[in-house]
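The values are calculated or read from the model by the stated rules, or taken from the named source; none is laboratory data. A quick note: this is a predicted structure, and the numbers were derived from the prediction, not measured. Glycine gets a Cβ as well: all are built from the backbone with ideal geometry, and neighbour counts include every protein chain shown. For accessibility, only protein heavy atoms count, side chains too; no ligands or nucleic acids. Shrake-Rupley method; radii C 1.70, N 1.55, O 1.52, S 1.80 Å.
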Amino acid sequence: MTVLEAPAAPERPSAQDEGQLERATERRNRRTYLALLLPGLLGLLVSFVFPLAYMVRMSFNQGAPDGVIVETFTLDTYIQPLTDPYYWRVTLDTFQMGVTVGILCVIVSYPVALFLARSTSKWRGLLVAIAIAPLLTSAVVRTYGWMVILGTNGLINSSLGGLGLIDTPLKLTNNMTGVTIGLVEIFMPYAILAMISGFGRLSPQLEEAAGSLGASKFKVFTRVTLPLCLPGLLTAFLLVFVLSISTFITPRLLGGGSVQVLATEIYDQTTGLLNWPFAAALSVILLVLFGLIIAVYQRLTKKIGG
Amino acid sequence: MRATIKGKMAAVAALSAAVLVLSGCGGGSEAAGSGGSATSGEVNLIAYSGVWQDQYTAAVIEPFQAKYPDIKINYASKRSSAEMLSALQGQKNNPATDVAIMDNSVSTTGNKQGLFEKVDEESVPNLANVPEKFRDKEAYGPVAMLDAVGLVYDTATFPEAPDSWKVLWDPAYAGKINVNAPPSLLGLSLTAITSKMEGEDYTQGIDSAVTRLKEMAPGVQTFAPNPDEYQNVITGQTVLGLGQNARGQFYSDQSNKKMGVTFPKEGTVYQINTINLVKDAPHSEAAKTFVDYALSAEAQTAFAKALFYAPSVTNAELPADVKDRVVPTDGSLNIVPLDVEFLSSARDKWTDTWKRQIITN
Amino acid sequence: MTEPKLSIVDLTKRYAADLDPAVDRLNMEVEEGHLVALLGPSGCGKTTTLRMVAGLMDPTAGSIVVDGKEITHTPVNKRGMGMVFQSYALFPHMNVEQNVAFGLEMRQVTKAEQKARVAAALDMVQLGHLGKRQTKELSGGQQQRIALARALVVEPTLLLLDEPLSNLDAKLRETMRTEIRAIQQRTRATTLFVTHDQDEALDMADRIAVMNGGLIEQFGSPTEVYERPRTHFVANFIGQANFLAARVGAETGRANLAGESHYKVEVDGLGQFGAIGSTGLSGSSHELVIRPHRLNVSLHPGAAQAPLAGTIERVSYTGDALAVAVRIGDQQLHAQMLTSSGDLPRIGDAAYLSWAADDAYLLPAAAQPVRLAA
């Protein structure tokens, strides 16, 4: 009796070969992607990672008067602000300003963003462009605009005075009020853009469905529209918050020296007192603050199912 | 075919990386070489921005270039002396700047930090016309021009110039005052003046001054006037403020005398600018030529006429109407001495004191 | 006849003055408990009609009456209808129970009753076990059923379904068809159902409104619209049809109690045949409609009486059936054969066609397919 041997494995090698060919191609492609990514990564390294590392290193140096930087490794630059109630107040004020501006900005931008997100008009594109057109002018120019509007003899005070509503001009600038008003307006376009892109789950059919189930317009808004907008609102808030606490121009120009936030403090330390290590430490603290907020944000978005 | 594309891609990647690296560290390499001579080449000047730059360019730099057509002046403007110092510190190992005109409190720091070179009459003959009191004891950059802190006022509110700093505490003008807080020299000067008014020795402590300044603070409209302390008064946002005499005089003319500037009787603080040669400057020969010209009677008179800075040379003849408006340097003005050495140690402290105790939101 | 549940009177919608109306003076009455399909190609106005009934869109003219009450301008949330959207429109921020309870909550039903009714509704669609799920975790078919439960739990005056099956795959669609129909019959919910799928309409509906260009071309039972299409469009849209231009000759007798007659008709190139149609068609030209599966195809002459001889031009084998195209002169006729019949035809084979007179239906409208004058 003859025993038939099973055919040897290499008898049908084609499938295996093909697999290898595929893998080889894939590997080649991966190398191509890397080559394409390289310039961008290098750019990021040079323009972002390196300065950041430099800043962190700088924050461990010691700043002596008149801009002398003592190369060392000390935590004094951190201990000093963290043990000083003044910097706690500045940090708290910064945080508070970010929250206030974020909330107000979201409130005033929401109707605009909702209108734009829902619009089916052929003018929608143009309307969106108009809503974000202020970005075409620099924040400095717009801040100066607000100085003119909010000043003692500005548009608001002279109008109110002219109408006999006020005797002494309201102090709308050179304080936190002015900074808040300015920042809210300046960041509106960002908030609107963030919201429009964050309203993805909103659809007219959902609102119609709620209506058909007996919900009044108000109920449709509170039970369906608003909850579905939450991720967008949160993103907008976060964006405006981060922009607010990192911006220096508007608090500087509209704050009149009375508004002390981390960003202006960093500016003063760098350009006025030339204490770079201390400024670097404050920047790192600000960065940590950002990190915390973003962590909280991610928790929140997960919770509301963004 | 595939291989070629891949090769090209790698080449492009490598090239762009190289460009990035080059652009990343190419900053200061251009300084070396090119030295030039006393009458040719370039001079990289670092000095104030804004109206100062405009007037200095018109009154000094342009005539200089007419005289020395082969020397090109590159003007890098900074908003404050501190920013200039910061820039010079950054280039310490590889200087790109030749000449710096800055506040003497800051230039003294620069001298100590070895940023500047000494100046002698051999290379800068016009130094001979600078009197001893305006020269540096160790022969570093001499005084180039002088000014002093003044009180800026709205001429409609004050037909007569206020004669005392005390007007800043007058409740009638509460909310209509601008005070540049330290580290601005204006705020530092006001601190010293107030301290002196309170009969205190500010080199020992400024407690009384702080108490007084706290009383003033609620009436201050802004501690960082924008666009500047003069425009705030001209536009009516405020009616009183700190300012410098020179710019004040200039803007007074510009605004058709809507604004005036005066030296109150309790005294004031000089603001002195020195002209400094940067150590290891890339174009030191041409730079000396420029410094010499800047100290010439011609340049000094022209700049005094343009921006009302007092000359630092003895041979500059000013017309009477200009002479009346520049800060007197003959001892006739009541001066609160603010020693540069002292200031350098007090600047941070006083700035902190203002932020924590005086400025309230 | 009892009062209709829903009457639509001269309902018109114009989106713009310079456009043809999307819905043009539409009239329809729906009986209590019926499922009515609005069937037509896209753009025929069926969805617009549904949205006007739902209150999601204002009519330009006309009126909508439900239970004898005019609701033309009643806001959507006061109409008490239940609607299922093409995309299901389940609220993504609520779980299944919350979705189903939404309508009850809006009606301020007590919590306890809400709970009971939601459970009952979920049981009805056999998804009682998924109450706590998030909607995005559900399959298309499950979402569909939840949407249905959400619409039905409020005991709507009318159930409105907007292409509810179009997002499902073919297999599931058939299951859901049966299920929706069963639930509808169980709840006796008067239902308006928008679809572009004739099979769906024929399978599920008590009445079908075939719409075209904003008009109802025919409103009738599935057998009526299939067997007795009033227009070329209806005959063509529902099922397949052979159309032959016929000159109608003499009436040869009364065909049935419905008042239809038999006729002698003549078709160019084919000869004379018997046909059926409404009375009074003699002497004019009409289109003859013959459904492909009503044509008898034989590969051998003599199997039928006086067959038409032709050649097979195209064969299409789909397993259950065999579709053939037979060329006779300048006419091409489509027919269906059973695949079990021994020898399969090949292209070029001779074929012999015949049909019963009752299966050749004369369209009542004029011979040229024209749009009905409104």
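Values as computed for the structure displayed
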quantity: Residue check for B:LEU343: open to solvent by less than 40 Å² (accessible area, probe 1.4 Å), within 23 Å of B:GLU132 (Cβ to Cβ) and in contact (Cβ under 8 Å) with a residue 60 or more places away in the chain; calculated: yes
quantity: Among (1) over 23 Å from B:MET102 (Cβ atoms); (2) at pLDDT below 95; (3) in a loop (DSSP other than H, G, I, E, B), the one test that B:GLN231 misses; calculated: (3)
quantity: Count of residues meeting criterion [part of a loop (DSSP other than H, G, I, E, B), open to solvent by less than 30 Å² (accessible area, probe 1.4 Å) and within 14 Å of chain A (Cβ to nearest Cβ)] in the range C:42-77; calculated: 2
quantity: Among residues of the range C:2-58, those that are out of contact with any strand residue (DSSP E or B) (no Cβ under 8 Å at 6 or more places or on another chain) and on the phi > 0 side of the Ramachandran plot, counted; calculated: 3
quantity: All positions within the range A:110-127 that are touching a residue at least 60 places away in the same chain (Cβ under 8 Å) and within 20 Å of A:LEU183 (Cα to Cα); calculated: A:TYR110, A:VAL112, A:ALA113
quantity: Residue check for B:ASN256: over 28 Å from B:SER107 (Cβ atoms), free of Cβ contacts under 8 Å to residues at least 60 places away in the same chain and open to solvent by 10 Å² or more (accessible area, probe 1.4 Å); calculated: yes
quantity: Positions within the range B:98-118 being β-branched (Val, Ile, Thr) and at pLDDT 95 or above, in sequence order; calculated: B:VAL99, B:ILE101
quantity: Strands (runs of 3 or more DSSP E) fully within the range C:239-315 counting 3 or more residues that are open to solvent by 40 Å² or more (accessible area, probe 1.4 Å); calculated: C:242-254, C:260-267
quantity: Selection status of A:PHE237, in contact with a strand residue (DSSP E or B) (Cβ under 6 Å, 6 or more places away or on another chain) and among the aromatic types (Phe, Trp, Tyr); calculated: no
quantity: Test: A:GLY255 is buried (at least 24 other Cβ atoms within 10 Å of the Cβ) and at the interface with another protein chain (Cβ under 10 Å from one of its Cβ atoms); calculated: yes
quantity: Qualifying residue in the range A:276-292 (condition: facing another protein chain (nearest Cβ under 9 Å), buried (at least 20 other Cβ atoms within 10 Å of the Cβ), more than 17 Å from the chain's Cα centre (by Cα) and not β-branched (Val, Ile, Thr)); calculated: yes
quantity: Residues of the range C:9-30 satisfying the condition of being open to solvent by less than 90 Å² (accessible area, probe 1.4 Å) and part of a strand (DSSP E or B); calculated: C:VAL9, C:ASP10, C:LEU11, C:THR12, C:LYS13, C:VAL23, C:ASP24, C:LEU26, C:ASN27, C:MET28, C:VAL30
quantity: Criterion: within 25 Å of the chain's Cα centre (by Cα) and within 12 Å of another protein chain (Cβ to nearest Cβ) - qualifying residue of A:VAL179, A:VAL128, A:VAL184; calculated: A:VAL179
quantity: Condition check for B:SER80: within 12 Å of chain A (Cβ to nearest Cβ) and either open to solvent by less than 30 Å² (accessible area, probe 1.4 Å) or hydrophobic (A, V, I, L, M, F, W, C) (or both); calculated: no
quantity: Residue check, B:VAL233 buried (at least 18 other Cβ atoms within 10 Å of the Cβ) and either away from chain A (no Cβ under 14 Å) or hydroxyl-bearing (Ser, Thr, Tyr) (or both); calculated: no
quantity: Sole exception among (1) of a type in the set (Val, Ile, Thr); (2) in contact (Cβ under 8 Å) with a residue 60 or more places away in the chain; (3) over 20 Å from A:ALA210 (Cβ atoms) for C:VAL84, by number; calculated: (3)
